[in-house]
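One structure is given here, and the rest of the page talks about it.
What follows draws every value from the coordinates through simple rules; no lab data is involved. Note that this is a predicted model, so its numbers are computed, not measured. All Cβ positions, glycine included, derive from the backbone under ideal geometry; neighbour counts span all protein chains shown.
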Amino acid sequence: MQTIEWGFLIVNYLFLGGLSAGLFFVSALATYLQEDGEPAYPRIAKYGAMMAPWPVALGSFLLIFDLGNWYRFYKLFIVFKWQSPMSIGSWLLLVFTGITFLGFWAWLPEETRHRLFAFLPKRLAFLKRFDVSIDAWKRPLAMAGFPFSIGVGIYTGVLLGAVQARPFWNTNLVAQMFLFSAFSTGTAALILALSANRKELDFRQLRFLYTLDICFITIEFFIVLPYLIHGKLSVLAVQEALKLILGGPYTLTFWLFFMLAGLLLPLFIELWEMAPAFFQKATIHHNKPLASIAAALVLLGGYLLRYVFVYAGQISAFK
Amino acid sequence: MADTKKKRYALVLDSKKCINCKACVVACKAENGVPVGKFRDWITEERRGTWPRLMATFDPEQCEHCANPSCVRVCPTGASWQRADGIVLVNYDDCIGCRYCMIACPYNARYFREDLGVVDKCTLCAHRVDKGGIPACVETCPSKVRVFGDLEDPSSDVSQLLNTRRFLVKKPETGNGPQLYYLL
Amino acid sequence: MEGNRIDRRKFLQVTAAGAAATALVTQTGCLKYFEKGGGAPAPAPLVVPTACELCPNKCSVLAVVEGGVIRKLNPNPENPKSRGMLCARGNAAVKQVYDPDRLKQPLIRAGERGEGKWRAASWDEAWDYTAKKLSEIKQKYGPEGTLWASTEGFQEIFFRNLGSAFGSPNIVRHPTLCLASVNLAYSATFGTVPSFDLLNAEYVIMSGANRFESIITPDTMDLIGSAMNRKTKLVYLDPRFTVTASKADHWYPIRPGTDMAFILAMLNVIIGEGRYDKEFVATYTTGFDKLSDHVRQYTPDWAEKETEIPARDIVHIAREFADAAPRAVYYAGRRSSWYKNDFQMRRAQAILNAVVGNWDREGGMVPNAKIAMGEYLFLPWDDPKAARVDELDKNFPLAAKGDGVYLKLRENVLAGKPYPVKGWMVYKQDPMNALPDQGMTLKMIQQMDFVGVIDIGMSDTAWYADVVFPESAYLERTDPVEAMPGIWPAVVFRQQVVKPVHDTKPNLEIVQGLAKRLNLSDYFDYTMDQWVDAQAKDLPVDNPLAYLKKHGVLGIAEPKFGGTLKPDHRFVTKSGKIELFSERLQESGFDALPVYKPPVQPPAGRFRMVLGRKGYFTHANQTNNPWLNEFYPENDLSINPQPAQNLGIKTGDMLEVSSGAGTVRLKARVTEEIRPDCVFMLHGYGKKSKWQKLVYGVGASDAVVLETAWDEVSGNAAFHETFVNVRKA
C-alpha cells in the first residue's frame, strides 16, 4: 500500500539542513578569500558562521523525532553502510554540525563568549576552562568544512535520487538541484541578515552575495530545466511522474511559487540590483525592501522545492 | 540449521485461479499478528471494460524478497537484512523507524507499526519455513494459487513450474529482481 | 594549573572511551539477550483438531493454542471436503472468541425492546424468567403459542427438541429463507438431493451460484482448478459481472427471472435433435413423452426474446452440453431464494440433468454417500397436539415439514391466525436481517409476550429480545459428531479448544437449564460426552472416539459412482423412477412440468434489487469481525453508469432507496458490473445493535427494503422480486 511516510518534518529538515550548508559554505568562502591576511568579507563570514549551526541543529531534532523509535537514533552512528545514502548522510551531518558549532564558537565575539559562560551554574563551573578563543581556527575550519557543507547540501538530493522505486526522484540531477538550492537559500539568508543591519549598508559585501546568488540560481535553473526536459523524454514511469507537476496537484506550487516566485523573480530582482555594476561599474542599487523580498522569495522557493519533491516523489510509482 | 546447501526461496503464483477470497490475507494476519488496517499481503484487482464487455483479474502481492533488495541497501542501521536463502527480514531491535525502506520499495510491501515504531512486512513465514513448513498464505489458499519452494532445487515445484511455463514478474524495470513469479 | 588540565583532559578521555565501550557492548549481545528474555524455551504449542462453524461447510481446522490462547487456525489436510484449505472467515474465527463486544453473560432487558438497556443476570435468573414466561404463554395459548426458530448447526437439534418436547408444532428453520426450493425440486425429480462432481465434470452451466465469490465450498475449489486448467468449460448466467463471471468461459447477463426459459430452450434443442441419453431415459425415467411434447414450444428464438441470450448461443450451448454428457451438469446452486418461480426453474434444471444421463456418474450428479454413524437414543415425547401455525398441510403440502415456511408463518402470526403465537425463542439466527421487510419482523417482535435469543454476539434480533443467552463460540465447545454426506463423505468432530473465555455455555446446557424448569429434564438427561459416545461407536474405524479426538475428521477419499444405476433400483419417488413428469406435483395442484411465465419486470424508473454474498461474510454475520470488515467496511448500492448518469448519481453520493417495505440510505457505487435494470447491495450492514460497533448504523440493511414474496410450491422466500426507487438523498 503506497503511503506518504515522509511529511513536513522531513521537508523542514531538508530545507534547514540545506540552509545551514549554504550558510556555512558562503561564510567559509568569505573567510577563505583573504584580503591583506583577513577574511575578504568579514561581515558575511561572521554572520554566516554564527547562523549556520542553528537550522541544522533544529532540523536534526526534527529528524530524530520523526523516527519511529527516536531514542534509537544513536544506532545510525555505530555502523557505516556506504550503500545507504542515509547512513552516509547521518555521518556527514554529525561532522558538519560539529564543525558549524566550532565555527560559531570561533566567530563568537570574546565579550559575548565571556557573558555566556557567566551563566554556568556553580556545579558546572569547571567547564569554564573551555572559555577560550579559537580565533585561529577560523580559516582551517572553513577549509575543513567545505567538503562537509557540500556533502550535506548534496546528500539530501542523493537521499531521494537513490530511490529507483520513485520515478519522480530517480534522476542524476536531483542531488545537484538540492545542492545549489541549498547554497542559494544560505546566500539569501545572509542577504536578509545584511539588509536587516541598521548600520551602514555594506554594498561591497552585498554585491558579493548577489553575485553568488545569481550564479547559484542560474545554475539551479539550468539543472531544473534538463530535469524536466529529460524527464519528459524518459521512460513512461518518469513521464507519468512528471505529470504531478505538469497538470497534477503540484503544478501551481511548482511553477508559480517555486519557479516564478522562488527562482526567476529573485533572479531578476538581483540582476536589477546589480545592473549598475554590470554596465557602469558604479555601485549597485540598493532597494532594501526589494532585496529583502528577493531573499525571502528564495527561501520560500527553496522550501517549496523540497515540499514538492518530497510529496510528489512519494506519490510517483512504477505501474 | 547448519544446512550447507544453498537455497533460494520464491513463490510461484497461478493467479488465473485467484478468486480474491482473501483467505491468504486473513491467514497471514492471524499467523503474524498484523494490525488491522495494515497488510503483509493483499490482492490487487484489475477491472476493465464497459457493460457487458468486462474483465476482472486478481493478483496476490506481498514482499518480493528480491534478489537485489533496495530496502536492504538503503537501511542506515542494517535492520533490514537478507538471509542467504533470499528471505528479507527486519530486525525490530535495530530498526529506528526512519521508513526509508518503505519509500525505497517499488512494491509498497512494507508498513509501519505505530505500536513498536518499526517497519514490518512479509517474512515468508520464516518461522514456519525453518521448521520445514510452508507460509500460512500458501497453506490456506482454497484455489491453490500459491506454490512455495526452493529455486535452487531443480526438483522443487517452483523450479519445475518456471521451467515449463511462461511467467512474468512485476516491475522488473526497477532492477530489484523480484522473486514472485506470476504464471501466464 | 597545567597539571590539573592534563589530569582533567585524561579523565575526559577515559570517560569518553568508557562510554563508547559500553555502547559497543550493549549492542553486541548481552543486553539484547536479556531484552528478548532469552534463556528458557517457550512450551510447545497445543494443536487441537476441530470443525469450523462459520458456514455450513464445516471444514476441518487444526487450532494452535499457546499459553491458553488460540494463536492460529490452520487447515486440516485430512478432510477430503475441505481439501486442506481454510478460507478467510475460517481464519478469522479466532476473532469471534476474543471479540470484546461478544455476549459475556446472560442479559435481561431493562428498558424498552430495542433500547439497548440490559441488566446482567445470573444463569438461574435468566432460566427462571424465561421458563416462567414460556409457561405463562403455554397456560394462556397452549404450547403452540410458542415459536422455536433456529439455523442449522451441530447443536441445533437440542433447541429444536426442546421446542418439540415443550409441545409446540411451530419449529421453523432457515431452509425456506435459502435452499428449500432447490432441494424440493431435485427431491421431486430424483427422490434425493445429489451433489455435483465438479472435479470431473467437463461442462458446467451455472445460474448464479457465484461459487468463486459468495462462498468457498469443495465445488469452488474443484471448479476453479478444472476451469482454469482448461479441463472444464464454464457457462455462467448472472445479472451481475461477478468473480465467477470473470472466470467463466461464457458469461451471459441474463434478464433476471428468465433462467427457466433458457433451460427449457436447451431441452427443446437437446430433445428435438435427439441428443439426450436415450438408454438412460428409457431405463430410469418416466414422463419423457409428455416432456418432449411440452418443450416443443420453447424454441431458442423464443428464449432469446425472454432471456436476452442469443438463440445461436443457446443452441450451441445445448449441443455442447449434451455432447459432453455424462460429464456435463447444470449446477443446482445452494441459495435458491430468488424468484417466485424458483422451484419450477430448479425442476427444469433437474429434468435437464436427468435427460442427459449424468446421474450417478463421474463428472455428473452423484447421490450423497454417507458414513454410518450411531445415534443417541433419547426419551421421545408425544407429537404436538396442535397443527402448525403456518398451516403447511394446507398451504405448502410438499414443503419439508420440520422446516416450516418462514414467511407464511410470519404472515399468520402477525394476523393472529389460525391462533396466536406469543412467545418466540431464537437460536443461532437473526430474523431481523434474515427475513425481508424488517418492519414486519419488528411488528412480530412487538406482538410477542416474550422473546428469548441464544447467540454468540448481540445480533439485531438479540438487541430486541427480552432475555439473551450467551452461547459459547465453536472453539469453546464440544459438539455432537456431524455427518457430512456427499461424493466424498466425511464425519467431522468439533471438540473444545479453549475453555469459554466468558460466562457462556454450550447450547445443550442452556437447553437443559430451561428444560429443568419446564419439567422436561427427562428428555435431556444426558451429557454431550454421552451423546458423542453413542454417535462415534458405530463409526467404521478402530477406537472411533479416540480417532476423532486425534484427527478431527474421518473421511472417505474414494468416491463411488453408479451405485443406483441398476435397472431395478427404486428411486424415492411415487413411480420409483426419476420423474420428468411429476404426478405428485400435479396432484397437489402445481405444474407437473415447468411452465414458463414471463416474470414481472420493474416498471420504468425502478430497479430490481438482486442479492448476493461475499465469501468472507456469513450472511448478516461476520461483517463485524475486524479482520473481515476491513475488506468491505460499508455496503453501498451497485448501480450501472447509464441509469446513474440519468439520475445524476456519482460514486459516493448518498442515495435513498425505497420500496413498499421501507426506505434505506446508503452510498452509491457506480459500476459497469451490473445490468442497467438492477441494483445490488451487500447483506449484513446498517445494524441496529450498538454492540456491533463496526456496522452499527454503517451502510444499510437490505432487510428493511426487501418486500415479502415466496415461491408457491416450496414456500421459499423470493428475495429478488423487490423493485426499488433510487434517488439522490
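So in the protein assembly as shown, what percent of DSSP beta bridges are antiparallel if you round to the nearest 5?
Numbers: 68 of 111 bridges.
Here the share of antiparallel DSSP bridges comes out near 60 percent.
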Query raised in the report: Based on Cβ point charges of +1 for Lys and Arg and -1 for Asp and Glu, what charge dipole magnitude is obtained for chain C about its Cα centre, in debye rounded to the nearest 20?
Result: 1780
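Students often get this wrong, so check it: of A:Lys319/C:Lys614; C:Lys132/C:Lys687; C:Lys667/C:Lys728, which have C-alpha atoms separated by over 19 Å?
Values: A:Lys319/C:Lys614 29 Å; C:Lys132/C:Lys687 30 Å; C:Lys667/C:Lys728 9 Å.
Cα-Cα > 19 Å for A:Lys319/C:Lys614; C:Lys132/C:Lys687; rest within.
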Query raised in the report: Roughly speaking, what is the centre-to-centre gap between segment B:101-170 and segment A:71-138 when only Cα atoms are used, to the nearest Å?
Result: 47
Report summary line: Unit-weight point scatterers at every alpha-carbon of chain C, Debye formula, q = 0.08, 0.09, 0.10 1/Å: log10 I(q)/I(0) is -0.67, -0.84, -1.04
**Report entry** MRE, 222 nm, helices only [DSSP H, n ≥ 4, -39500 (n - 2.57), over chain A, to nearest 500]
**Finding:** -22500 deg cm²/dmol
Report summary line: Spelling it out for C:Lys667: with amide H atoms placed in the peptide plane at 1.01 Å from N, the residues 5 or more places away or on another chain with amide H under 5 Å from its amide H are C:Leu637, C:Leu655
Query raised in the report: In the structure displayed, which of C:Lys340/C:Lys408; C:Lys370/C:Lys560; C:Lys95/C:Lys693; C:Lys247/C:Lys650 lie more than 19 Å apart, Cα to Cα?
Result: C:Lys247/C:Lys650
Query raised in the report: In nanometres, what is the gap between the two model label sites at C:Val69 and C:Leu46, each 7 Å from Cα along Cα-to-Cβ?
Result: 1.6
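Can you give the calculated 222 nm mean residue ellipticity of chain B, where each DSSP H run of n ≥ 4 adds -39,500 (n - 2.57) and the sum is split over every residue, rounded to the nearest 500 deg cm²/dmol?
Details: 6 runs with 37 residues, N = 184.
Result for chain B: -4500 deg cm²/dmol, rounded to the nearest 500.
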Requested in this report: Report relative contact order for segment A:3-99 in percent, whole number only (criteria: Cα-Cα under 8 Å, sequence separation at least 6).
Outcome: 26
Query raised in the report: Between segment B:40-86 and segment C:187-218, what is the C-alpha centre distance in whole Å?
Result: 35
Report task. Give the distance, in whole Å, between the Cα centre of segment A:245-292 and the Cα centre of segment C:706-727. Result -> 72
Query - Under 13 Å from the Cα of B:Lys171 - aspartates and glutamates, other chains or at least 8 residues apart - result: B:Glu61, B:Glu64
**Report entry** Scattering curve values for segment B:1-89, log₁₀ I(q)/I(0), Debye with Cα scatterers, q = 0.12 Å⁻¹
**Finding:** -0.55
Report summary line: Quick calc, A:Lys319 & B:Arg165: beta-carbon distance into FRET formula, R0 30 Å, rounding 0.05, result 0.80
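Let me spell out the model: positive unit charges on the Cβ of Lys and Arg, negative unit charges on the Cβ of Asp and Glu, origin at the Cα centre of segment A:8-315. What dipole size does that give, in debye rounded to 20? Could you put the intermediate results ahead of the total?
Details: 23 positive and 15 negative charges, 155 e Å.
I would put it at about 740 debye.
With charges only on Cβ, +1 for K and R and -1 for D and E, what is the dipole size of segment C:607-728 about its Cα centre, in debye, rounded to 20? Write down the numbers at each step before the final one.
Numbers: 14 positive and 13 negative charges, 106 e Å.
Its charge dipole is roughly 500 debye.
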Report task. Using only C-alpha positions, report the orientation-averaged shadow area of the convex hull of segment B:9-183, nm², one decimal. Result -> 11.2
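What trypsin sites (Lys or Arg not before Pro) does segment C:166-239 have in DSSP loop regions with at most 12 other beta carbons within 10 Å? Could the numbers behind the result be given before it?
On the way: sites: C:Arg173, C:Arg211, C:Arg230, C:Lys231, C:Lys233; in loops: C:Arg173, C:Arg211, C:Arg230, C:Lys231.
Within segment C:166-239, the qualifying trypsin sites (Lys or Arg not before Pro) (loop, at most 12 other Cβ atoms within 10 Å) are C:Arg230.
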Query raised in the report: Using the eigenvalues of the Cα gyration tensor, what equivalent ellipsoid semi-axes result for segment C:308-364 when each is taken as the square root of five times the eigenvalue, whole Å, largest first?
Result: 20, 17, 9
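Considering only DSSP states other than H, G, I, E and B, which chymotrypsin sites (Phe, Trp or Tyr not before Pro) in segment A:59-167 qualify as loop sites with at most 15 other Cβ atoms within 10 Å?
Numbers: sites: A:Phe61, A:Phe65, A:Trp70, A:Tyr71, A:Phe73, A:Tyr74, A:Phe77, A:Phe80, A:Trp82, A:Trp91, A:Phe96, A:Phe101, A:Phe104, A:Trp105, A:Trp107, A:Phe117, A:Phe119, A:Phe126, A:Phe130, A:Trp137, A:Phe148, A:Tyr155; in loops: A:Phe80, A:Trp82, A:Phe119.
Counting only loop positions with at most 15 other Cβ atoms within 10 Å, the chymotrypsin sites (Phe, Trp or Tyr not before Pro) in segment A:59-167 are A:Phe80, A:Trp82, A:Phe119.
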Query raised in the report: Roughly how tilted is helix C:259-272, in degrees to the nearest 10 and between 0 and 90, from the longest Cα axis of chain C?
Result: 50
Query raised in the report: Mind checking which of A:Glu273, A:Glu240, A:Glu111 has the largest fluctuation in a GNM of chain A, springs on alpha carbons under 10 Å?
Result: A:Glu111
**Report entry** Cα Rg over Rh - chain A, Kirkwood
**Finding:** 1.00
Report task. Give me the distance in nm between label points sitting 7 Å out from Cα along the Cα-to-Cβ direction at A:Glu240 and C:Tyr376, one decimal. Result -> 6.2
Query raised in the report: For chain A, modelled as a Gaussian network with Cα springs under 10 Å, which listed residue fluctuates most, A:Gln34, A:Gln83, A:Gln205?
Result: A:Gln83
Requested in this report: If a/c stays under 1.5 just call it rounded; otherwise compare a/b with b/c (prolate if a/b is bigger, oblate if not). Do that for segment C:68-129, with a ≥ b ≥ c from the square roots of the Cα gyration tensor eigenvalues.
Outcome: prolate
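Calculate the translational D of segment C:607-728 in whole µm² s⁻¹ from Stokes-Einstein, where the hydrodynamic radius comes from the Kirkwood formula applied to all Cα pairs, the temperature is 4 °C and the viscosity 1.567 mPa s.
D, rounded to a whole number, is 88 µm²/s.
Would you calculate, for chain C, the mean residue ellipticity at 222 nm contributed by helices, counting each DSSP H stretch of 4 or more residues as -39,500 (n - 2.57) and dividing by all residues, to the nearest 500?
On the way: 26 runs with 243 residues, N = 729.
Theoretical 222 nm ellipticity from helices: -9500 deg cm²/dmol.
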Requested in this report: May I ask you to list, by number, the DSSP H helices of chain A whose Cα span along the axis is at least 24 Å and whose average Kyte-Doolittle hydropathy reaches -0.5 or more?
Outcome: A:8-32, A:85-107, A:138-161, A:174-196, A:203-232, A:288-315
Report summary line: Rounded to one decimal in nm, the spacing of the 7 Å Cα→Cβ label points at C:Asp522 and B:Leu116 is 6.2
Query raised in the report: Going toward the positive end of the dipole of the protein assembly as shown, with +1 on Lys and Arg Cβ and -1 on Asp and Glu Cβ, which of C:Ser150, A:Gly231, A:Thr185 do you reach last?
Result: A:Thr185
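Determine the sum of side-chain charges near C:Ser575: Lys and Arg each +1, Asp and Glu each -1, restricted to other residues whose C-beta is under 13 angstrom from that of C:Ser575. Before the final figure, lay out each step's value.
On the way: positive: C:Lys290, C:Arg570, C:Lys574, C:Lys577, C:Arg584; negative: C:Glu579, C:Glu583, C:Glu587.
My count for the surroundings of C:Ser575 gives +2.
So what is the orientation-averaged projected area of the protein assembly as shown, using the convex hull of its C-alpha atoms, in nm²?
Numbers: hull surface 238.5 nm².
Its average projected convex-hull area is 59.6 nm².
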Query - Cβ-Cβ FRET estimate between A:Ser133 and A:Ile78, R0 fixed at 41 Å, reported to 0.05 - result: 0.75
Requested in this report: Could you work out which residue, out of B:Leu161, B:Leu11, B:Leu116, moves most in a Gaussian network model of chain B, that is, has the largest mean-square fluctuation with Cα springs under 10 Å?
Outcome: B:Leu116
Query - Net length gained if the chain between C:Ala110 and C:Lys537 were fully extended (0.36 nm per residue, minus Cα distance) - result: 149.0 nm
